[in-house]
Amino acid sequence: VILLYTGISASAQLFQSTSSKITFLSDAPLEDIYAESNKSKSVFNISDNKIVVLMKPNTFIFKNPMMQEHFLEDYMESDKYPKATLSGILHGDFDVRKEGVYDVTVEGILNIHGIEKKRAIKGNIIVRDGKLSVAAKFAIQVADHGIKIPSMKIKSIAEVVEVSVAIDYKEVVSK
């Protein structure tokens, strides 16, 4: 993840993820499909408000193993597109040294299934008990990222999925 992040200066106030939870929900007429991953990586540079999140679709866990297999092979094509990334700049007034919940927007590039899309994603920075975290919930139109849903599956798989992100950070102390 740090290699994805360019422009890190010696004086940067850098945070890296310690834990994460990314979920998605496909709420379709015939069936809800829910999956969760706790294996994303992220770097957040407070000095210039840049953030990078890297996650691998093959880390999503489903209740039904068959759904997981179809998701990875038929829709995400995880062998061909092994990672998804968000790289952007956080906008909003926040102070990582002061307790509170701060409204922010990440403006940047979301890359899923090999297709990059400019996005503005609203979320929060949470500072509580000296710990920093970010949270967001947003919708993704699967067709925007070249993910095709066969017409016979349209009642089982939503064309728009809801994604929730929660990432906890710790400050990287330079030596």
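The values are calculated or read from the model by the stated rules, or taken from the named source; none is laboratory data. Keep in mind that this is a model prediction, so the values were computed, not measured. Reconstructed Cβ throughout: ideal geometry from the backbone, glycine too, with neighbour counts over all protein chains shown. These area figures cover heavy atoms from the full protein model, side chains too; ligands, DNA and RNA do not enter into them. Shrake-Rupley method; radii C 1.70, N 1.55, O 1.52, S 1.80 Å.
Can you go through Ala143, Ala158 and tell me which one is outside any strand (DSSP E or B) and in contact with a Ser or Thr (Cβ under 6 Å, 6 or more places away or on another chain)? Spell out how you get there, then give the answer.
Values: Ala143 fails: in contact with a Ser or Thr (Cβ under 6 Å, 6 or more places away or on another chain).
Selected residue: Ala158, the only one of Ala143, Ala158 that is outside any strand (DSSP E or B) and in contact with a Ser or Thr (Cβ under 6 Å, 6 or more places away or on another chain).
Of the candidates Asp95, Asp74, the single residue that is acidic (Asp, Glu) and farther than 24 Å from Glu36 by Cα is Asp95. The condition of being under 24 Å from Glu107 (Cα atoms), hydrophobic (A, V, I, L, M, F, W, C) and in contact (Cβ under 8 Å) with a residue 24 or more places away in the chain holds for only one of Ala28, Ala35, Ala84, that being Ala84.
Hand me the list of strands (runs of 3 or more DSSP E) wholly inside region 36-138 holding 2 or more residues that are touching a helix residue (DSSP H, G or I) at 6+ places or on another chain (Cβ under 7 Å).
Working: elements: 41-45, 50-55, 84-91, 100-112, 115-128.
Answer list for region 36-138: 115-128.
Scoring Ala28 on the criteria (1) of a type in the set (A, V, I, L, M, F, W, C); (2) under 25 Å from Ile157 (Cα atoms); (3) open to solvent by less than 20 Å² (accessible area, probe 1.4 Å); (4) modelled with pLDDT of 90 or more leaves a single failure, condition (4).
Please pick out the residue among Ile140, Ile149 that is over 19 Å from the mean Cα position of the chain (by Cα), surrounded by 17 or more Cβ atoms within 10 Å (Cβ to Cβ) and under 16 Å from Phe24 (Cβ atoms). Outline the logic, then answer.
On the way: Ile140 fails: over 19 Å from the mean Cα position of the chain (by Cα).
The match here is Ile149.
Kindly indicate whether Lys117 is open to solvent by 60 Å² or more (accessible area, probe 1.4 Å), touching a His at 6+ places or on another chain (Cβ under 9 Å) and of a type in the set (Lys, Arg). So Lys117 passes the test. Every listed requirement among (1) surrounded by fewer than 18 Cβ atoms within 10 Å (Cβ to Cβ); (2) closer than 15 Å to Ser133 by Cα; (3) of a type outside the set (A, V, I, L, M) is met by Ser42 save one, (1).
Among residues of region 11-25 being surrounded by 18 or more Cβ atoms within 10 Å (Cβ to Cβ) and among the aliphatic types (A, V, I, L, M), the one that is farthest from the chain's Cα centre (by Cα) is Leu14. For region 69-88, residues that are modelled with pLDDT of 90 or more, open to solvent by less than 80 Å² (accessible area, probe 1.4 Å) and in contact with a strand residue (DSSP E or B) (Cβ under 9 Å, 6 or more places away or on another chain) total 7.
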